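Input: a single structure, listed below in structure tokens.
The values are calculated or read from the model by the stated rules, or taken from the named source; none is laboratory data. All figures in this text were calculated on a predicted structure; none of them were measured in a lab. Cβ placement follows ideal geometry from the backbone for every residue including glycine, while neighbour counts extend to all protein chains displayed. Surface accessibility is based on the protein's heavy atoms, side chains included, excluding ligands, DNA and RNA. Shrake-Rupley method; radii C 1.70, N 1.55, O 1.52, S 1.80 Å.
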Amino acid sequence: MPKELLKVTDLKQHFPIKGGILGRTVNHVKAVDGVTFDIYEGETLSIVGESGCGKSTTGRAILRLDEPTSGQVEFDGEDLLSFNKRRMNKERKNMQIIFQDPYASINPRQTVRQILNEAMEIQKVVPKKDREARIREIMDTVGLGPHQIDRMPHEFSGGQRQRIGIARALAVNPKLIIADEAVSALDVSIQAQVINLLKKLQKDFNLTYLFIAHDLGVVRHISDRVIVMYLGKIVEIADKKSLFSNPQHPYTKALLSAIPSTDMERKRERITLKGDVPSPIDPPTGCRFHTRCPFATEKCVNETPQLRQADYLKGGHQAACHYMEEIESGEHQPTR
Amino acid sequence: MSEQIQTIDNPQTSIKPPNPRFQNAKNTFKKIRKSRNAVLGGLLILFFIIVSLVGPHLVPYDYDTQDVVNKLAPPSSEHWFGTDHFGRDIFSRIIHGMGITLGTGFAAVALGATVGVLFGIISGYYGGKIDTVIMRLMDILLAFPGILLALAIVSILGGSIINVIIAVAISSIPVFARIVRGSTLSVKKLEYIDAQKALGASDSRILFKHILPNVSSPIIVQATLSIAIAIISASGLSFLGLGAQPPSPEWGAMLSAGRNYLYSAPHVALFPGLAIVAVVLAFNVLGDGLRDALDPKMKD
């Protein structure tokens, strides 16, 4: 068993809603509500889910870009949330983030050289005299030429900008990289280039990825394990193969059935979910999916299902559904 | 999909000037040059600055050379703008006063902008209680008309050019604070600020290296327009006798002295007044031009 690099326990991120004349907190948006998972060294763990399910918030909370409400985030055995600001800033060289929008994620007034130099300067990872060489080396690693070192961001395309973002993250030699929808804003052909680059970097530098995405095709290509989130909670966690071949949670099934298939022979039945995602301000009781789940019963409304592993499942495949065995064997039929 | 990564553009075909910083400034300059107002205002102000530096050495009279025999003489070839009630050459006095006027304007705005930008950027970045305290303070300052506030401050501090500069600076603080706060609020949400936080950058680095350069355009525009206002306020205070003291050739003071002879010798008040109008107009024209040129919505 490989070593655990990151251990997230019962992470919660509730954003206050201020209201009234006095600006008092009237309610909370429960963006992430009790999320627990581990990431092992050298693997790629993906988080998927629809917009607003809390996947990006989870990533940001781990890095303390937004201060999480409660929970534990252990990195290499140390609790990040207990660190003061200074200690945390020091620790940041071990974990970096790549953002979604390549147009907003780099300062438009800095050249590539300044961007990379500043990253090294902040974390003091490379002595001043070696920085120039290191900048060129990193640029080469991400596929930028040395002639581009003094260019401004507006002179680059979206894909190239994303490479600059990756280079900036790599500049401090991190162990963990959180890719927050890192390829969602790119053209499909550029997506492939960037994903292959990420894969190559992982191999070369033994990086660990937390890959946040909504594109299941991309996730299938890059991940070792996958987490499916719905409304701030994990509904299913499994290794890639097991999840895609044998999804357990009704939500995961619906999600996977939405992938367009080119296989005419094996046309799957499309499961269409009705209604909208409920508001995270006042999430449904019990299983959060019960308002849209075709299999929901009284029990789902009252009891919150825990992540558990059914007897017939292998590895770490867990799902949070009361009825996964019954649905699997066909005993429990859709109730609506 | 090959594993190989290729660089997208070709080093042979790309033409690149050596210094990109310079290139960036050049682009900005190009945009400014497209605005006719900005060019006109800029050239005028450049002219005024040169006059204020070189002029005093070239004019035929000193600003306090009296010639009582020729007092209140109308414009002639010897005294282009005529003479005042002490027989001093008005043209020479206006040229001598150019430096005072521009100096007060620049100094007051530099001081006010520095403090205002600092307040605004801190207010916008940190938010919460700090924001509330700073902005309510600015609201209080903003509640008074600028000239009235300056008047009150000068009457407390006492009349002198330095105190006028301080007074006008204080009254220009809230405008800068508000503009910078607004821009900071929008810039701090951008992902490159998060990226700096994720790298472990200090707050001061984020504030001054990443936010400040990206909110500079509205600051520049506002500074230009504020100089015009500052010049009017400073002249106004001197007109009331609270600023520059005689025999200083401050335009507001000259205007004030000339108002006693409006019927018999209108040129004594006319020329200092025209000088104020010209300089203020030049800054306004430049400010409007810069606003058009630096408006982010008008990217070429």
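If R₀ is 25 angstrom, what is the calculated FRET efficiency for the pair B:ASP64 and B:SER264, using the beta carbon separation as r and rounding to 0.05?
Once rounded, the FRET efficiency stands at 0.65.
Name the residues of the range B:174-202, by number, that are at least 10 Å² less accessible with every protein chain in place than in the isolated chain; the surface is that of heavy atoms, probe 1.4 Å, without ligands or nucleic acids.
Residues passing the criterion (a loss of at least 10 Å², heavy atoms only) are B:LEU190, B:GLU191, B:TYR192, B:ASP194, B:ALA195, B:GLN196, B:LYS197, B:ALA198, B:LEU199, B:GLY200, B:ALA201.
So, with a 1.4 angstrom probe, what is the percent of accessible area on the range A:140-193 that is carbon and sulfur?
Carbon with sulfur: 49 percent of the solvent-accessible area.
Report the net charge of residues surrounding B:LEU43, where surrounding means a beta-carbon distance below 12 angstrom and charges are Lys +1, Arg +1, Asp -1, Glu -1.
+2
Roughly how many nanometres apart are two label points built 7 Å out from the Cα toward the Cβ at A:VAL26 and A:ASN206?
So the two model labels end up 5.3 nm from each other.
Count charges around A:HIS221 for me, please; just the other residues with Cβ under 12 Å from its Cβ, Lys/Arg as +1, Asp/Glu as -1.
Result for the local shell: +1.
In the neighborhood of B:PRO60, defined by Cβ-to-Cβ distances under 10 Å, what is the net charge if each Lys or Arg adds +1 and each Asp or Glu adds -1?
-3
Taking the alpha-carbon centroid of each part, what is the distance from the range A:141-188 to the range B:249-285 in angstrom?
60
So what's the back-of-envelope 222 nm ellipticity for the protein assembly as shown, counting only DSSP H runs of four-plus at -39500 (n - 2.57) apiece and dividing by all residues, rounded to 500?
-15500 deg cm²/dmol
Of the accessible area of the range A:246-336, with the probe set at 1.4 angstrom, what percent is carbon plus sulfur?
Answer for the range A:246-336 is 50 percent, counting heavy atoms of protein chains only.
Looking at chain B as a GNM with Cα springs under 10 Å, which of B:PHE208, B:PHE48, B:PHE91 has the largest mean-square fluctuation?
Evaluated over chain B, the most mobile residue of the options is B:PHE208.
Restricting attention to the range B:180-251, which trypsin sites (Lys or Arg not before Pro) occupy a DSSP loop and are surrounded by at most 16 other Cβ atoms within 10 Å?
B:LYS189
Once you order the gyration tensor axes a ≥ b ≥ c over the Cα atoms, which shape class does the range A:63-132 get: rounded for a/c under 1.5, otherwise prolate or oblate by comparing a/b with b/c?
Oblate.
Can you tally the lysine pairs in the range A:246-336 where the Cα-Cα distance is under 25 Å and the two residues are eight or more apart, or on different chains?
5
Per the 1.4 Å probe, what fraction of the accessible area of the range A:1-55, in percent, lies on carbon and sulfur atoms?
Carbon-and-sulfur percentage of accessible area, whole number: 54.
Among the aspartates and glutamates, which fall within straight-line cross-link reach of B:LYS30, defined as a Cα-Cα distance under 16 Å, with same-chain neighbours fewer than 8 residues apart omitted?
Once the sequence-local aspartates and glutamates are set aside, what remains near B:LYS30 is B:ASP292, B:ASP295, B:ASP300.
Which value, in square angstrom to the nearest 100, describes the accessible area buried between chains B and A on both sides, using a 1.4 angstrom probe?
3500
Using alpha carbons only, how many angstrom separate the centre of the range B:204-235 from the centre of the range B:81-149?
What the calculation gives is 12 Å, centre to centre.
Tell me, what is the percent relative contact order of the range A:191-336, built from C-alpha pairs under 8 Å that lie six or more residues apart?
It rounds to 21 percent for the range A:191-336.
Over chain B, calculate the relative contact order: mean separation of alpha carbon pairs under 8 Å at least 6 apart, over the residue count, as a percent.
Over chain B, the number comes to 25 percent.
Using only the Cα atoms of the range A:246-336, build the gyration tensor, take square roots of its eigenvalues as a ≥ b ≥ c, and label the shape rounded, prolate or oblate: rounded if a/c is under 1.5, else prolate if a/b is larger than b/c, else oblate.
oblate
Express the accessible area of the range A:109-243 per residue in Å², computed with a 1.4 Å probe while the remaining protein chains stay in the model.
Value for the range A:109-243: 34 Å² per residue.
Quick check for you: which residues of the range A:301-327 have the amide N under 18 Å from the point 7 Å beyond the Cα of A:SER245 toward its beta carbon?
A:310-319
Mind listing, in residue-number order, the residues in the range A:137-152 that have at least 30 Å² less accessible area with every protein chain present than in their own chain alone (1.4 Å probe)?
Hits at the 30 Å² cut-off: A:GLY143, A:HIS147, A:ASP150, A:ARG151, A:MET152.
Quick one: accessible area per residue over chain B, 1.4 Å probe, rounded to a whole number of Å²?
51
Please state the shape class of chain A: rounded when a/c is under 1.5, otherwise prolate if a/b exceeds b/c and oblate if not, all from the C-alpha gyration tensor.
Prolate is the answer for chain A, as a/c is 1.5 or above and a/b outweighs b/c.
Enter the accessible area of B:LEU111 (Å², nearest 10), with the probe set to 1.4 Å and all protein chains included.
For B:LEU111, the solvent-accessible surface is approximately 80 Å².
Along the charge dipole of the range A:246-336, Cβ charges K/R +1 and D/E -1, which of A:SER279, A:PRO250, A:THR335 sits furthest on the positive end?
Of the options given, the answer is A:SER279.
Counting only heavy atoms of the protein chains, get the accessible area per residue of the range A:246-336 (1.4 Å probe) and round it to a whole Å² value.
Here the per-residue accessible area is 61 Å².
Need one number: nm distance between label points at B:ILE49 and A:SER261, each 7 Å from Cα along Cα→Cβ, rounded to one decimal.
Taking the simple label geometry, B:ILE49 and A:SER261 are separated by 7.2 nm.
How much FRET efficiency would the formula 1/(1 + (r/R0)^6) give for B:TYR126 and B:LEU72, where r is the Cβ-Cβ distance and R0 is 60 Å, rounded to 0.05?
After rounding to 0.05, the efficiency reads 0.50.
Where the centre of each part is set by its Cα atoms, how far does the range A:11-46 sit from the range A:248-298, in angstrom?
Here the two parts' Cα centres lie 23 Å apart.
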